[in-house]
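Read the structure below first, then the notes.
The values are calculated or read from the model by the stated rules, or taken from the named source; none is laboratory data. All of these numbers come straight from a predicted model, not from anything done at the bench. A quick note on method: Cβ atoms are made from the backbone with ideal geometry, for glycine too, and the neighbour counts reach across all protein chains shown.
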């Protein structure tokens, strides 16, 4: 945070996009170290980032945080209980931060993307096969995975002045999966 603020003089928008999971497997096979790693990356990182940037945003008169959650928090899949729970925590943390930071003119929103073409896709499915991809795509009414462009466009909207009256929103970018 200090390096970025020194280099640019001001930070108005922070996107918390760190995320990890374990390979799809039953809850009882997840090791405590995996649980700790997932919550450290997916949840604790948001806490630490907020602590680093909120004082600066308060000083500058406001800002926007965009946290990347997941449809997994809204429509959980078996075999990903710890990941699902971590993204649920992201959504609740977003809403809580929004209420707490609103008096400081700091908006906090989240994105809930459906799975996309990222390195985590194989982990979500357990194994990456054409059949598993087809089965997953079939659960998305628009019939495809998300793309980085889909998520980026939604993030740009939430960060923009056009979304100035939105805070605490968890925007589903999911092709209809959560309907």
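Conditions (1) surrounded by 12 or more Cβ atoms within 10 Å (Cβ to Cβ); (2) in contact with a helix residue (DSSP H, G or I) (Cβ under 9 Å, 6 or more places away or on another chain); (3) on the phi > 0 side of the Ramachandran plot; (4) in contact (Cβ under 8 Å) with a residue 40 or more places away in the chain, marked per residue:
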residue	(1), (2), (3), (4)
103	no, no, no, no
106	yes, yes, no, yes
119	no, no, no, no
130	no, no, no, no
137	yes, no, no, no
144	yes, yes, no, no
148	no, no, no, no
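On the given criteria, is residue 67 within 21 Å of the chain's Cα centre (by Cα), in a helix (DSSP H, G or I) and within 24 Å of residue 114 (Cβ to Cβ)? Here the answer is no, as residue 67 does not meet what is asked.
With the condition kept exactly as written, say whether any residue in the range 160-168 is surrounded by 13 or more Cβ atoms within 10 Å (Cβ to Cβ), within 18 Å of residue 17 (Cβ to Cβ), without any contact (Cβ under 8 Å) to a residue 40 or more places away in the chain and in contact with a helix residue (DSSP H, G or I) (Cβ under 9 Å, 6 or more places away or on another chain). Checking the range 160-168: not a single residue is surrounded by 13 or more Cβ atoms within 10 Å (Cβ to Cβ), within 18 Å of residue 17 (Cβ to Cβ), without any contact (Cβ under 8 Å) to a residue 40 or more places away in the chain and in contact with a helix residue (DSSP H, G or I) (Cβ under 9 Å, 6 or more places away or on another chain). In this structure, is residue 47 surrounded by fewer than 19 Cβ atoms within 10 Å (Cβ to Cβ) and out of contact with any helix residue (DSSP H, G or I) (no Cβ under 8 Å at 6 or more places or on another chain)? Here the answer is no, as residue 47 does not meet what is asked. Summed over the range 90-107, residues that are in a helix (DSSP H, G or I) and touching a strand residue (DSSP E or B) at 6+ places or on another chain (Cβ under 8 Å) total 8. Only one entry in 103, 130 is at pLDDT 95 or above, over 15 Å from the mean Cα position of the chain (by Cα) and farther than 23 Å from residue 35 by Cα, namely 103.
Conditions tested, residue by residue: (1) at positive phi; (2) touching a residue at least 40 places away in the same chain (Cβ under 8 Å); (3) in a helix (DSSP H, G or I).
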residue	(1), (2), (3)
19	no, yes, no
24	no, yes, no
37	no, no, yes
79	yes, yes, no
86	no, yes, yes
